[in-house]
Amino acid sequence: MARQRKRAPEEQRLLEKATRYLPGGTLGNTRFAEEVAFVVKAGNGSKLYDMSGQEYIDYLLGSGPMVLGHAHPAVVTAVREYLERGSTYFTLNEPAIELAEVICQAVPCGEKIRFCSTGSEATFFALRAARTFTKKDKILKFEGGYHGSHDYALMSSSPYVPKDFPRAVPDSAGIPRVLEDQVLIAPFNDLGITSTIIERHQHELGGVIVEPFQRIITPRPGFLQGLREVTERFRIPLIFDEVVTGFRLAWGGAQEYYGVTPDLAAYGKIIGGGYPLSAVVGRADVMEAFNPDRETSGDFIAQTGTLNGNPIAAVAGLATLRELRKEGAYQQLFATGRALREGLTSLLKQHGTAGQVVGEDPLFDVVFTDEPVNDYRGVLTQNRELLRRFNTELLKRGILKGTSKMYLSLAHTAADLEQTLTAVRESLEVMAKG
Ligand SMILES: Cc1ncc(COP(=O)(O)O)c(C=O)c1O
């Protein structure tokens, strides 16, 4: 049942203050319809609680890091124990070194690692490393692929009116016009067009970056393998953006899951256990450009960050990865996701809703279209108004998800799924009435 939204005065006051001081009253691009807007008081396991005491089953999961659920005891204990030793040092520390080893041993392309704080920084510096290695400026990314909010990344991530390939459409104001020519755009899952663009631009292309599992779109069999082959042929570094997929699709990320090893990878989200930590990981010869010994060589990448290798984040990341390493963790994550996907699919069918569940078991969503969804243009065919209503109706029933993503965690239970599917059924019924 949709619940009667009674907002506690304290929550109402905070929402008004947010509107007064934060542009758009938000911390980023995620915001909810006024009728369902809320302020988080706490998170625990698969649940969030708002300032009015209402509970939400959380499939947003902090935009992905909280794969164990909120306030997991192992993470809380590890962080609490470490806090006595200080918060950050800007120099070598035990947790950062231990985490470096765990990640490099887990990730197929991982020979060396450089820590930073956000996923955006990780993709930004991975691209810089690729350009340094090849001494070429342009990059190629895929339409609909998201790599964070820096100037090179925000090109054709979500264009309302896409241009012909390989021309880029900036996704944001304030990006220098000259950069539009520096970024080539290719269609995800179309190896033919992608290979043609790469071959044609091989002499100016410094790197290719891809989300191996683009948003929620799975790669067609052979697509990533073909991309690997063509980039190798022209000696152009291939970068996997594993900010979402890293330690989620498998212990070794999308590289292990899909069986393709890139030259570099960008990591974030899960490896920081809910704290700000990300990394560029990859081939030693490419990563060598981060080595300060090269400072005067002309091939040196200036990359420094106040919180690089922050020990608290590294401790939280290590504790998270220890849980994921346990026997059966990935089986559980996949089984939970599969059960929810199947439930969603059958409800869509029962209600005759034009829609499908797209993704992999730990991360997917409903896309409201019957057209095939193999690339961004497939997603564009969906009825966005239905998606918006779906999200709002679910939220009214205490189910929180991202705009176009549902993340699963090890904390989600069978009871959570049952409650979620009841809410989905009711939401689809309300939506069918118009
Ligand atoms: C695939 C991918 N890359 C990069 C980023 C950027 O990460 P951050 O938000 O930590 O800057 C995101 C964020 O959601 C992402 O999904």
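The values are calculated or read from the model by the stated rules, or taken from the named source; none is laboratory data. Being a predicted model, the structure only gives us computed values, none of them experimental. Backbone-built Cβ (ideal geometry, glycine too); neighbour counts: all protein chains shown.
For the range 245-264, the tally of residues that are within 16 Å of the ligand (Cβ to nearest atom) and in contact with a Gly (Cβ under 6 Å, 6 or more places away or on another chain) stands at 4.
Does the range 20-37 contain any residue that is among the aromatic types (Phe, Trp, Tyr) and at positive phi? No, every residue in the range 20-37 fails to be among the aromatic types (Phe, Trp, Tyr) and at positive phi. For the range 111-143, give me each residue that is of a type in the set (D, E, K, R) and either under 12 Å from Val281 (Cα atoms) or in a helix (DSSP H, G or I) (or both). Of everything in the range 111-143, those that are of a type in the set (D, E, K, R) and either under 12 Å from Val281 (Cα atoms) or in a helix (DSSP H, G or I) (or both) turn out to be Glu111, Lys112, Arg114, Glu121, Arg128, Arg131.
Quick one: in the range 149-170, which of the residues that are within 16 Å of Leu205 (Cα to Cα) and of a type in the set (Phe, Trp, Tyr) is farthest from the ligand (Cβ to nearest atom)? Restricting to residues being within 16 Å of Leu205 (Cα to Cα) and of a type in the set (Phe, Trp, Tyr), the top hit is Phe165.
Table: residues versus (1) part of a helix (DSSP H, G or I); (2) touching an Asp or Glu at 6+ places or on another chain (Cβ under 7 Å); (3) exposed (fewer than 15 other Cβ atoms within 10 Å of the Cβ).
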{"residue": "Lys17", "(1), (2), (3)": "yes, no, yes"}
{"residue": "Leu27", "(1), (2), (3)": "no, no, yes"}
{"residue": "Arg31", "(1), (2), (3)": "no, no, yes"}
{"residue": "Ala42", "(1), (2), (3)": "no, no, yes"}
{"residue": "Leu48", "(1), (2), (3)": "no, yes, no"}
{"residue": "Ile57", "(1), (2), (3)": "no, yes, no"}
{"residue": "Met66", "(1), (2), (3)": "no, no, no"}
{"residue": "Val75", "(1), (2), (3)": "yes, no, no"}
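Number of residues in the range 229-244 that are of a type in the set (A, V, I, L, M) and within 14 Å of the ligand (Cβ to nearest atom) equals 3. Inspection of the range 99-110 finds a residue satisfying the criterion of being at pLDDT 95 or above, outside any helix (DSSP H, G or I) and of a type outside the set (A, V, I, L, M, F, W, C).
Of the residues Leu344, Leu340, the single one that is modelled with pLDDT of 95 or more, closer than 21 Å to Pro65 by Cα and surrounded by 21 or more Cβ atoms within 10 Å (Cβ to Cβ) is Leu340.
For the range 189-212, name all the residues that are hydrophobic (A, V, I, L, M, F, W, C) and out of contact with any Lys or Arg (no Cβ under 9 Å at 6 or more places or on another chain). Ile193, Ile197 - these are the residues of the range 189-212 that are hydrophobic (A, V, I, L, M, F, W, C) and out of contact with any Lys or Arg (no Cβ under 9 Å at 6 or more places or on another chain). Among residues that are of a type in the set (D, E, K, R) and touching a residue at least 40 places away in the same chain (Cβ under 8 Å), Glu288 is included. When the criteria are applied in full, Phe165 meets the requirement of being under 26 Å from Ser404 (Cα atoms), hydrophobic (A, V, I, L, M, F, W, C) and part of a loop (DSSP other than H, G, I, E, B).
Every residue, every condition in (1) touching a strand residue (DSSP E or B) at 6+ places or on another chain (Cβ under 8 Å); (2) closer than 25 Å to Gly337 by Cα; (3) away from the ligand (no atom under 16 Å from the Cβ), yes or no:
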| residue | (1), (2), (3) |
| --- | --- |
| Lys47 | yes, yes, yes |
| Gly64 | yes, yes, no |
| His70 | yes, yes, yes |
| Val102 | no, no, yes |
| Ile113 | yes, no, yes |
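Just one residue in the set Arg228, Arg220 is surrounded by fewer than 24 Cβ atoms within 10 Å (Cβ to Cβ), of a type in the set (D, E, K, R) and more than 20 Å from the chain's Cα centre (by Cα); that residue is Arg228.
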